[in-house]
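S.K.: Structure below; questions to follow.
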Amino acid sequence: MKVINTIEETRSIISRWRSEGLSVGLVPTMGFLHDGHKSLISRAVKENDRVVVSIFVNPIQFGKNEDLSVYPKDMEKDFELCKSAGADFIFNPESEEMYYSDFSTFVDAGDVAKELCGKSRPVHFRGVCTVVTKLLNIVKPDRVYFGQKDAQQLAIVKRMVRDLSVDVEVIGCPIIREEDGLAKSSRNVYLSPDERKAAVILNKALSRGKELVDGGEKRSSKIIRAVSDIISTEKLARIDYVDVVSFPQIQHIETINCQALVAVAVYIGKTRLIDNFITE
Ligand code: PAF
């Protein structure tokens with residue numbers, strides 16, 4: 001398996017594969033890969049003849065005071081994970097390869113990007129949509145894979161692909177969790193041992209929310225209150241948001257009378273973690 005740094009070389013390999021009639025899957029990532037990413041790559045390997053994993057810490061999706069400069073990296077480990085999952089190559093461009101110094105064109109997802117993470121990370125989804133568009137234009141995959149932990153991202157990318165008539169199938173894959181229920185995330189590495197223990201509160205609180213929904217509760221306010229109350233029992237936790245929105249429209253709803261996303265973003269110490277569940 002190779003690591004490729006240029007758009008030109010990536011395109012030439014893809015066009016060779018295309019001329020051989022092979023299908024291509026893309027798994028876009030920012031690296032520091034874990035079992036959640038591995039499950040996406042494995043699924044892509046099952047469903048496509050060739051699989052590309054992109055590893056690119058996309059500067060334009062980070063706000064000024066976010067963790068771009070300290071975002072964790074471990075290229076050797078990532079390489080081994082991609083190889084063992086069966087990927088064919090890693091596309092790992094430098095920022096200058098992706099963005100000209102006078103780069104000025106962005107993809108704006110509109111209302112679907114305004115709730116949840118869009119409220120506290122105003123430039124985030126514009127950056128995600130822009131880089132995903134570029135990756136789709138570079139790799140031109142048949143299928144592209146995203147985890148449901150970033151459920152809003154998944155909904156936004158699906159909408160963008162539909163709205164812009166991009167010829168790709170967007171596939172959402174289930175959240176992969178640690179044994180104690182914490183959703184796998186590259187950012188979990190920031191947690192101190194005490195914070196790591198405290199972080200299970202997200203899943204605990206959401207499990208209570210799910211119990212309420214499964215028991216027939218339809219009022220968002222009741223679910224938000226129950227989930228928030230549980231998170232507030234944890235001293236190291238500070239809520240960014242707890243919300244119930246329509247899925248995939250991502251608009252706040254007072255009553256669950258359609259498919260809904262119950263989502264949380266919580267600071268554990270300085271680390272912001274997200275988690276969610278989608279109603280049936
Ligand atoms: O989910 C991520 O890791 C990133 O937002 C993505 C999709 C790779 C775009 O940079």
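Every number here is computed from the coordinates shown, using simple stated rules; none is lab data. These numbers come from a predicted model, not from an experiment. Cβ: placed from backbone, ideal geometry, glycine included. Neighbour counts: every protein chain shown.
S.K.: Test of understanding: express the Cα radius of gyration of the stretch 157-280 as a ratio to 2.2 N^0.38 Å, with N the residue count.
M.R.: That ratio works out to 1.13.
S.K.: Does anything in the stretch 124-141 have its amide N under 20 Å from the 7 Å Cα→Cβ label point of residue 189, and if so which residues?
M.R.: Label zone hits: none.
S.K.: Continuing with this model, one more query. What number, rounded to the nearest 500 deg cm²/dmol, is the helix-based mean residue ellipticity at 222 nm of the chain, given -39500 (n - 2.57) per DSSP H run of at least four residues and division by all its residues?
M.R.: After summing the helix terms and dividing by the residues of the chain, the value is -11500 deg cm²/dmol.
S.K.: If you project the alpha carbons of the stretch 7-73 onto the principal axes, what extent comes out on each, in Å, largest first?
M.R.: 46, 28, 16
S.K.: Right, next: About its Cα centre, how strong a charge dipole does the stretch 5-101 have in debye, to the nearest 20, once Lys and Arg get +1 and Asp and Glu get -1 at the Cβ?
M.R.: So the dipole magnitude of the stretch 5-101 works out to roughly 320 debye.
S.K.: Moving to a separate point now. Number of Lys-Lys pairs in the stretch 1-127 under 21 Å by Cα, sequence gap 8 or more or different chains?
M.R.: 14
S.K.: A further question on this structure: For the chain, set up a GNM with springs between Cα atoms under 10 Å and report which of 156, 250, 138 has the largest fluctuation.
M.R.: 138
S.K.: Hey, if you drop one equal point scatterer on each alpha-carbon of the chain and run the Debye formula without solvent, what base-10 log of I(q)/I(0) do you get at q = 0.07, 0.08, 0.16, 0.17 Å⁻¹?
M.R.: -0.26, -0.34, -1.32, -1.46
S.K.: Considering only lysines 8 or more places apart in sequence, or on different chains, count the pairs in the stretch 161-280 whose C-alpha atoms sit under 19 Å apart.
M.R.: Close lysine pairs found across the stretch 161-280: 10.
S.K.: Can you sort 235, 210, 77 so the residue with the fewest Cβ neighbours within 10 Å comes first?
M.R.: 235, 77, 210
S.K.: Treating only the Cβ atoms of Lys and Arg (+1) and Asp and Glu (-1) as charged, compute the dipole magnitude of the chain about its Cα centre; round to the nearest 20 debye.
M.R.: 420
S.K.: With a cut-off of 8 Å between alpha carbons and a minimum separation of six or more residues, what is the relative contact order of the stretch 28-157 in percent?
M.R.: Once divided by the residue count of the stretch 28-157, the mean separation gives 33 percent.
S.K.: Of all beta bridges DSSP finds with both residues in the chain, what is the antiparallel percent, to the nearest 5?
M.R.: Roughly 50 percent of the beta bridges in the chain run antiparallel, per DSSP.
S.K.: If you don't mind, there's one more thing I want to ask. How large is the direction-averaged shadow of the alpha-carbon convex hull of the stretch 240-280, in nm²?
M.R.: 2.9
S.K.: Over the alpha carbons of the stretch 1-119, what is the largest minus smallest coordinate on each principal axis, giving the biggest first in Å?
M.R.: Projected onto the principal axes, the Cα atoms of the stretch 1-119 cover 43, 31, 28 Å.
S.K.: I'd like to know how the stretch 84-220 sits against the 2.2 N^0.38 Å rule of thumb: what's its Cα Rg over that expected value?
M.R.: That works out to 1.25 for the stretch 84-220.
S.K.: Nearest 5 percent is fine: what portion of the DSSP beta bridges confined to the stretch 47-203 is antiparallel?
M.R.: Around 10 percent of the beta bridges assigned by DSSP in the stretch 47-203 are antiparallel ones.
S.K.: OK, next. Defining a contact as two alpha carbons under 8 Å apart and six or more residues distant in sequence, what relative contact order in percent does the chain show?
M.R.: About 17 percent, as a whole number.
S.K.: Okay, moving on. What ranking do 160, 98 get, fewest neighbouring Cβ atoms within 10 angstrom at the top?
M.R.: Sorted ascending by nearby Cβ count, the order is 98, 160.
S.K.: With +1 on each Lys and Arg Cβ and -1 on each Asp and Glu Cβ, how big is the dipole of the stretch 71-219 about its Cα centre, in debye rounded to the nearest 20?
M.R.: Charge dipole, the stretch 71-219, about its Cα centre: 660 debye, nearest 20.
S.K.: I want to verify a result. In a Gaussian network model of the chain, Cα cutoff 10 Å, which of these has the top mean-square fluctuation: 118, 110, 269?
M.R.: Among 118, 110, 269, the largest mean-square fluctuation in the Gaussian network model of the chain belongs to 110.
S.K.: Take the Cβ-Cβ distance between residue 163 and residue 137 as r, set R0 to 25 Å, and report the resulting FRET efficiency rounded to the nearest 0.05.
M.R.: Using R0 = 25 Å, I get an efficiency of 0.95.
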